[in-house]
Amino acid sequence: MDTNSQSSVLSRDTTVDILRGIAIFTMFAANMAALVLAEPHPMWFRFYGTFAAPLFIFLSGMMVAFGATKKKQGFNYFLKRGFLIVIIGALIDIGVYQIFPFTTFDVLYLIGISIPIIYLIFQSKSTPLQIIIALAILGVAPLLQKIWGYHAYPTEYYFDGTILPEDPSQRGCLLQNWFIDGWFPVFPWLGFAVLGAIFSTWRAKLWEFNRFLFLMVVVLFLVTGGILFHLSPGELYSREGYSELFYPVTYGFIFLALGVIGLLFYLVQRMSSLRIYLPLQMLGEVSLLMYILHQVIIRYIYGLYWPEQSMTIFIILYAVLAAALLLVAYGIRLLKKRWQQAPYLIRLLLGS
């Protein structure tokens, strides 16, 4: 951590930390459900966990733009940061799931790769070009799904020799996992990160001068997304218990997700000082570590001892997990005030 750790904590963007906390808190439920909640999952629950990932990715893009413009961080900084996040994603695949890394393209791969790419995109200094790039990445995704197909389950290679899906005719190539139908392929998810970076540069002006207009745009996205999603929701695959509503991503989902993200920004920023947000803020301050820990706990404790539970038991286990990780987050908050010069990797994990 930087030498003035307490000042660093106090200068954090409270709204962003709270929103990160919302993303990681709902992500706990979405990822727990794969091993702990008996299928089929009710639609309200699938909806509840669906917007964690787009919000998380959107915020990661915001932080790149903020670091580049406000903190004057350069390409080497973002290349190093992105590389380490990709390595963390690979270690989770290896250590938690015993799966060959760099194959399924999970969310940390997407975020790690997007960090230096976004930095390069924003060197153009042309907002219209940045918007065109973001919309192109988002817009081409459903078209690529139609042209090359979208697999109900991404191809996964396990250390014990298992290959999923078992039917060879249902498998895709690794490049298809990365770009079209992996867990978080480049198309469209990189587009959410780029839009997050654009929003970071607009945020102050939008909030200061066009608060009502911003809310109206959010409502327009929500209504448009709701209509499109209702008319054409896509297949809504549940992938081995991961039942978010973006397998595959559709145009309706894109509009709806951006509307939800905008609404959350509007609500949280207006009331970010409410004490009820403090637990979410603490989770958001160490979101990367929370992501790692909850994956380990779900895989090696919950998944082994409490698989396929009813919704009632699931909610109890969800509350216990959230409470335990909140205690960890609080402890780390205290630690960061005392640990003045932590190594860079530790600072990355602890959100400094």
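No lab work stands behind these numbers, since they all come straight from the coordinates. Not measured: the values here are computed from a predicted model. Note that we place each Cβ from the backbone using ideal geometry, even for glycine, and neighbour counts take in every protein chain shown.
Numbers for the structure displayed
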item	result
Orientation-averaged projected area, Cα convex hull of segment 252-298 (nm²)	4.6 nm²
Space enclosed by the convex hull of the alpha-carbon atoms of segment 148-234, per residue, Å³	132 Å³
Two-site label geometry, W44 and L278: point separation in nm, points 7 Å out along Cα→Cβ	3.0 nm
Fewest-first ranking of L258, L334, using other Cβ atoms within 10 Å as the exposure measure	L334, L258
Helical contribution to [θ] at 222 nm, DSSP H n ≥ 4, -39,500 (n - 2.57), averaged over the chain, rounded to 500	-22000 deg cm²/dmol
Net charge of neighbours whose Cβ lies under 12 Å from the Cβ of T15, counting Lys and Arg as +1 and Asp and Glu as -1	+2
Those lysines that a straight Cα-Cα span of less than 27 Å connects to K125, excepting residues fewer than 8 apart in one chain	K70, K71, K72, K80, K205
For segment 5-350, size of Cβ-based charge dipole, Lys and Arg +1, Asp and Glu -1, in debye	1780 debye
Modelled FRET efficiency - R0 25 Å, S169 with F100, Cβ distances, 0.05 increments	0.75
Per-pair calculated FRET efficiency, R0 = 45 Å: W148 and R270 via Cβ, rounded to 0.05	0.55
Calculated P(r) tail over 21 Å for segment 1-129, as whole % of Cα pairs	54 percent
Volume in Å³ per residue [convex hull over Cα atoms, computed for segment 78-171]	95 Å³
Separation of alpha-carbon centers, segment 16-53 and segment 65-130, rounded to whole Å	23 Å
Residue (of L317, L195, G139) at the positive-pole extreme of segment 5-350, dipole from beta-carbon charges	L195
Residue of Y153, Y77, Y291 that the Gaussian network model of the chain assigns the largest fluctuation, springs spanning Cα pairs under 10 Å	Y77
Value of D in µm² per second that Stokes-Einstein yields for the chain, Kirkwood Rh from Cα pairs, at 10 °C (1.306 mPa s)	76 µm²/s
Spatial separation of Cα centroids for segment 258-281 and segment 135-197, in angstrom	31 Å
